[in-house]
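Participant: I'd like to ask you about the structure that follows.
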Amino acid sequence: MDKLKKYASNTVLSNGNQFFFINADPEEKTTGLIFIKVYRGGTFNYVFAYSSILDSTFADGKKSRCNFICPKWTIHSLEAAVVDTCEPEKSEKSVFKKVLFGANEAVDIENRELLFSDPVELTAASGQYICLKTVFSGEKIPNHEESLVPKFVFRDGKWRSSVHIPVPVFTGIEASVKKRVGFIGDSITQGLGTEFNAYRYYSAYIADILGDEYAYWNLGIGYARGSDAATGGIWLKKAGYNDIVAVCFGVNDILQGHTADEIKKDILKIVTQLKSRDCTVILQTVPPFDYDRRNTVTWNSVNAYIKTELNTVADEIFDTVPFLSADGSSPVSKFGSHPNGEGHLVWAKALAPVLKKYL
């Protein structure tokens with residue numbers, strides 16, 4: 001994972017391992033496409049990192065939980081092309097470059113925290129897409145189920161929209177950046193609630209506001225809990241490679257029935273572990289989510305603790321509630337429980353100056 005010190009994230013897309021899918025025939029090779037929007041334009045050596053470990057717990061956790069290790073699966077080939085469109089029929093006609101792993105086309109991924117590709121030189125303008133063509137096989141393959149970007153598999157002679165392809169959990173470039181800024185949280189941080197493939201979530205807006213002298217890594221994942229990150233698994237380890245980390249947890253912990261005391265302890269663990277990595281931590285309060293009466297009691301208790309007790313542990317506390325609540329203080333959401341693009345822009349404009357103090 002030390003390559004995360006050498007390479008900087010070059011997309012604001014969240015693409016962690018959220019879940020896994022099962023192939024009826026583990027030996028069958030499938031070809032998939034994913035389109036990843038480039039943040040900083042130019043010619044760079046790119047690397048793509050994959051993992052067999054799930055970052056977070058999916059749904060109620062009955063099928064998969066954080067830190068679950070998928071059995072061995074295989075990338076038979078990986079190719080990359082720079083494209084302007086996310087239409088698979090047009091993109092497949094582009095010039096693809098082979099992406100190798102230790103000078104080999106194929107690689108088995110098993111018990112890996114992160115497996116990095118060899119660097120491949122690509123020239124892309126900001127806003128263009130890297131189209132990754134992956135041929136893969138396996139029984140249980142990690143994926144990002146609640147994807148916000150176009151993904152396709154080739155079946156029955158056609159490209160068909162599907163989230164059932166492995167995703168690179170890190171897309172990085174070899175480039176000098178002043179600071180690395182990370183965002184870790186749940187589906188709200190990921191951007192669910194915003195338009196598909198629009199990149200209209202607060203981390204993306206903040207990147208636009210602060211500029212490409214810095215690198216940005218969105219580690220938000222749908223259904224994720226603070227209790228997941230508090231385990232100190234691969235997910236939080238990845239966040240720890242950033243210089244500054246904006247932390248936003250609590251919604252799913254509340255909805256899953258965790259007590260206020262449990263949530264407080266987990267958030268403290270997250271902040272403490274990130275601080276032990278010399279990260280600057282911007283801790284955010286739990287956003288409004290139209291909670292019922294019982295959950296509102298938990299929400300108020302956790303947010304009071306964040307503001308009054310953790311202000312001496314984190315470097316900064318950012319209160320999301322005045323910006324996302326319908327009346328500035330209640331659990332009723334102004335922009336939807338999963339904020340829309342307008343809500344994320346309001347959030348970004350308020351949070352960006354806080355982050356800028358530490359850049």
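Participant: Rounded to the nearest 5, what % of DSSP beta bridges with both residues in the range 113-265 are antiparallel?
Facilitator: Working: 4 of 14 bridges.
Here the antiparallel bridges make up roughly 30 percent for the range 113-265.
Participant: Based on DSSP H runs of at least 4 residues, each adding -39500 (n - 2.57), what is the mean residue ellipticity at 222 nm of the chain after dividing by all its residues, to the nearest 500 deg cm²/dmol? Kindly include the intermediate steps, with their values, before the conclusion.
Facilitator: On the way: 11 runs with 89 residues, N = 359.
It lands at -6500 deg cm²/dmol.
Participant: Could you pull out every residue, at least 5 positions away or on a different chain, whose amide H is within less than 5 Å of the one on Phe20? Hs are placed 1.01 Å off N in the peptide plane, and Pro or chain starts have none.
Facilitator: It is Asn143, by chain and number.
Participant: With charges set only on the Cβ (+1 for Lys and Arg, -1 for Asp and Glu), what does the dipole of the chain come to about its Cα centre, in debye to the nearest 20? All intermediate terms of the calculation are to be shown ahead of the outcome.
Facilitator: Values: 40 positive and 42 negative charges, 76 e Å.
In total the dipole reaches around 360 debye.
Participant: Return the long-range amide H neighbours of Thr57 (sequence gap of 5 or more, or a different chain), with a cut-off of under 5 Å between placed amide H atoms.
Facilitator: Residues meeting the criterion, in which the H sits 1.01 Å from N, are Cys66, Arg225.
Participant: Projected onto the charge dipole of the range 87-229 (+1 at Lys/Arg Cβ, -1 at Asp/Glu Cβ, origin at the Cα centre), which of Leu100, Ala124, Ala204 gives the Cα projection farthest towards the positive end?
Facilitator: Going by the Cα projections, it comes out as Ala124.
Participant: Apply 1/(1 + (r/R0)^6) to the Cβ-Cβ distance of Lys357 and Ser330, taking R0 = 45 Å, and write down the FRET efficiency to the nearest 0.05. Don't skip to the answer; put the middle values down first.
Facilitator: Working: r = 29 Å, r/R0 = 0.64.
Once the sixth-power term is evaluated, E becomes 0.95.
Participant: A further question follows. May I ask you to list the GluC sites (Glu not before Pro) in the range 274-346 that are in a DSSP loop and have at most 15 other Cβ atoms within 10 Å of their Cβ?
Facilitator: Answer by residue number: Glu309.
Participant: Using only the alpha-carbon atoms, how far is helix 341-356 inclined from the longest principal axis of the chain? Give it as 0 to 90 degrees, nearest 10.
Facilitator: Once rounded, the angle reads 80 degrees.
Participant: Using per-residue counts of other Cβ atoms within 10 Å, averaged over each peptide, order 168-180, 3-15 from highest down. Spell out each step's value before the answer.
Facilitator: Details: 168-180: 19.3, 3-15: 22.5.
Ranked from most to least packed, the peptides come out as 3-15, 168-180.
Participant: What does the extension gain come out to for Glu195 and Lys98, with contour length at 0.36 nm per residue minus their alpha carbon separation? Walk me through the numbers before you get to the answer.
Facilitator: On the way: separation 97, 0.36 × 97 = 34.92 nm, distance 3.16 nm.
31.8 nm is the gain from fully extending Glu195 to Lys98.
Participant: Work out the FRET efficiency for Met1 and Asp292 from their Cβ-Cβ distance, taking R0 = 51 Å, and round it to the nearest 0.05.
Facilitator: Numbers: r = 40 Å, r/R0 = 0.79.
Once rounded, the FRET efficiency stands at 0.80.
Participant: Follow-up. Inverting the mean 1/r over all pairs of different Cα atoms, compute the Kirkwood radius of the range 262-358 and quote it in Å. Mind showing how you got there, number by number?
Facilitator: Values: mean 1/r = 0.0711 Å⁻¹.
Roughly 14.1 Å, rounded to one decimal.
Participant: Provide the FRET efficiency to the nearest 0.05 for the Glu89-Lys265 pair, computing r from the beta carbons and using R0 = 35 Å.
Facilitator: Numbers: r = 51 Å, r/R0 = 1.46.
FRET efficiency, Glu89 to Lys265: 0.10.
Participant: Related question: For the range 90-166 and the range 232-248, what is the centre-to-centre distance using only Cα atoms, to the nearest Å?
Facilitator: 24 Å
Participant: Go from 0 up to the bin containing the longest alpha carbon distance in the chain, width 10 Å each, and give me the % of pairs per bin.
Facilitator: Over the chain, the share of Cα pairs per 10 Å bin runs 6, 26, 35, 23, 9, 1 percent.
Participant: How would the range 1-146 be classified by its alpha-carbon gyration tensor: rounded, prolate or oblate, with rounded meaning a/c under 1.5 and the a/b versus b/c comparison settling the rest? Please report the intermediate quantities before stating the final value.
Facilitator: Values: a/c = 1.57, a/b = 1.45, b/c = 1.08.
Verdict is prolate for the range 1-146.
Participant: State the Cα centre-to-centre distance between the range 12-45 and the range 303-359 in whole Å.
Facilitator: Value for the Cα centre distance between the two parts: 31 Å.
Participant: Here is a further query. Quick one: length gained pulling Asp60 to Arg277 fully straight, 0.36 nm per residue minus the C-alpha distance?
Facilitator: Details: separation 217, 0.36 × 217 = 78.12 nm, distance 3.05 nm.
75.1 nm is the gain from fully extending Asp60 to Arg277.
Participant: Using the Karplus curve 6.51 cos²θ - 1.76 cosθ + 1.60 with θ = phi - 60°, work out ³J(HN,Hα) for each residue of the range 177-183 in order, rounded to whole Hz, and write x for Gly and Pro.
Facilitator: Each residue's phi maps through the Karplus curve to give 10, 6, 8, 9, 10, x, 10 Hz.
Quick note: the coordinates plus some simple rules give every number you see, no bench work behind them. Here the structure is a predicted model, which means the values were calculated and not measured. A quick note on method: Cβ atoms are made from the backbone with ideal geometry, for glycine too, and the neighbour counts reach across all protein chains shown.
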